[in-house]
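Please treat every number below as a calculation from the coordinates, not as lab data. Bear in mind that the values here come from a model prediction, so they are computed numbers and not experimental data. Glycine also receives a Cβ, built like all others from the backbone with ideal geometry; neighbour counts cover every protein chain displayed.
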């Protein structure tokens with residue numbers, strides 16, 4: 001019993017050592033969007049609604065897909081590192097960079113002609129025009145985000161996290177200054193926000209790329225560009241597509257709900273309120289996401305090293321920490337529920353609606369902590385296909401229909417949330433391994 005407690009404590013220390021910095025990295029990265037939204041939100045309800053709608057679309061069609069595709073590196077790089085096949089981390093990462101960069105081309109075309117798409121979806125024409133303007137100025141950040149996602153996974157799976165904390169922290173400070181310059185000083189408005197995001201993303205990407213190139217910490221894992229990465233792309237795609245589906249099926253429900261709010265009465269108000277609530281869940285999601293990253297790294301490393309029992313211990317520790325974080329986040333949001341909205345807007349009607357939404361948001365954030373941890377387990381084990389099927393059933397057979405019925409049949413409007421889907425999305429089953437149990441490892445299958 002004492003030995004078991006010691007192993008649990010040691011595993012918890014390892015995960016918290018990884019999770020702490022990754023939480024800061026995730027929060028800093030997401031804060032670029034939050035800071036921009038705060039600056040634009042004080043320009044007026046129209047600008048807030050336009051940026052909210054555009055952000056929703058660019059996330060759905062671009063950034064979230066990039067996140068999903070790059071999540072395959074959690075499995076490939078994590079298990080390669082655990083198996084001490086260090087050069088394969090660079091090979092896998094280079095292949096992922098090529099795939100994500102290629103994917104950014106068709107996405108850029110969608111962003112160029114976003115206005116007619118939004119009008120076709122019955123969005124307000126004035127809001128749609130401004131949303132397209134924001135998306136067009138955001139196009140240069142798409143390729144930067146593609147490279148940054150891969151670089152982050154490359155470093156994360158080696159437990160090299162503190163350089164990322166430093167660079168993303170500096171990027172956040174730079175972005176705060178850029179938003180003030182372009183939005184307040186030069187009065188560029190919504191396009192100034194997009195320009196600031198582009199500069200910030202490229203700054204972060206270039207600094208981390210230079211670190212990988214010159215740091216001795218990456219000498220064994222980054223050996224220069226290799227033709228082997230081209231041959232490895234089919235293997236990457238076989239896991240990248242289910243990874244993208246797993247991530248996007250969840251994130252797209254946010255965008256669907258936000259678009260539906262645009263066809264309600266008073267769409268500017270409904271879209272603004274829902275945007276604040278969704279961005280709140282997004283910023284609080286970064287904490288359990290950091291835990292899930294630590295969990296997937298530990299699980300994949302142990303599986304790659306051929307230690308299934310150690311991997312299962314990592315699963316149990318990850319889930320315990322997720323339950324704890326969910327409870328703490330609920331407590332924090334409920335203590336701030338009457339003042340939180342003032343950080344985003346000073347429009348009285350919007351603030352009133354946000355206050356009424358906060359208990360639902362707090363409950364959703366709490367349950368999402370558990371669900372996010374389960375997805376980290378799935379990525380570490382290479383179970384992305386299972387995650388995709390679970391998300392399909394929970395969000396699209398239950399969550400979205402419940403949201404539509406609540407909003408348009410029972411007229412609850414923006415209060416139609418997805419807390420029920422969060423619960424359903426937390427139904428991964430993990431069985432304790434035995435000594436004679438064969439563990440399927442994606443790395444062994446592909447190499």
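Here are some notes:
- Per-residue Cβ neighbour rank within 10 angstrom, fewest leading, 183, 212, 355: 355, 212, 183
- Put in line by how crowded their Cβ is, counting other Cβ atoms within 10 Å and starting with the fewest, 193, 31 read 31, 193.
- Rounded Å value of the spacing that divides the Cα centres of the range 212-284 and the range 43-96: 4
- Contour excess over end-to-end distance, with Cα ends at residue 213 and residue 409 and 0.36 nm allotted per residue: 64.9 nm
- Rounded tilt (10° steps) of 2-41 against the dominant C-alpha axis of the chain: 30
- Residues of the range 83-98 falling in the label zone of residue 223, defined by backbone nitrogen less than 17 Å from a point 7 Å along Cα to beta-carbon, are 83-95.
- Helix content alone sets the calculated 222 nm mean residue ellipticity of the chain: runs of n ≥ 4 DSSP H residues at -39500 (n - 2.57) each, divided across all residues, give -26000 deg cm²/dmol.
- Computed over the range 130-254, the P(r) curve from all C-alpha pair distances, binned at 10 Å from the origin, holds 11, 31, 35, 19, 4 percent per bin.
- Contact order, relative form, for the chain: 25 percent (alpha carbon pairs under 8 Å, 6 or more residues apart, mean separation divided by residue count).
- For the range 57-178, the percent of C-alpha pairs falling in each 10 Å distance bin, counted from 0 to the bin holding the largest distance, reads 13, 33, 30, 17, 6, 1.
- Least to most buried among 248, 4 (fewest other Cβ within 10 Å first): 4, 248
- Candidates 293, 107, 245, ranked by Gaussian network fluctuation over the chain, Cα under 10 Å, top entry: 107
- Overall, the ratio between the Cα radius of gyration of the range 211-250 and 2.2 N^0.38 Å, rounded to two decimals, is 1.63.
- Taking Cα atoms only, the orientation of helix 233-261 departs from the longest principal axis of the chain by about 30 degrees.
- Computed FRET value (nearest 0.05) for residue 352 with residue 230, which takes r as the C-beta separation and R₀ as 60 Å: 0.60
- Distance from the range 166-185 to the range 326-367 (C-alpha centre basis), Å: 26
- Share of alpha-carbon pairs per 20 Å distance bin for the chain, given as whole %: 26, 59, 15, 0
- Treating r as the C-beta distance of residue 397 and residue 238 and R0 as 25 Å, the FRET efficiency rounds to 0.45.
- For residue 6 and residue 117, a Förster radius of 60 Å and the Cβ-Cβ distance give a FRET efficiency of 0.60, rounded to the nearest 0.05.
- Between helix 45-58 and the chain: long-axis angle, C-alpha atoms, 0 to 90°, nearest 10: 30
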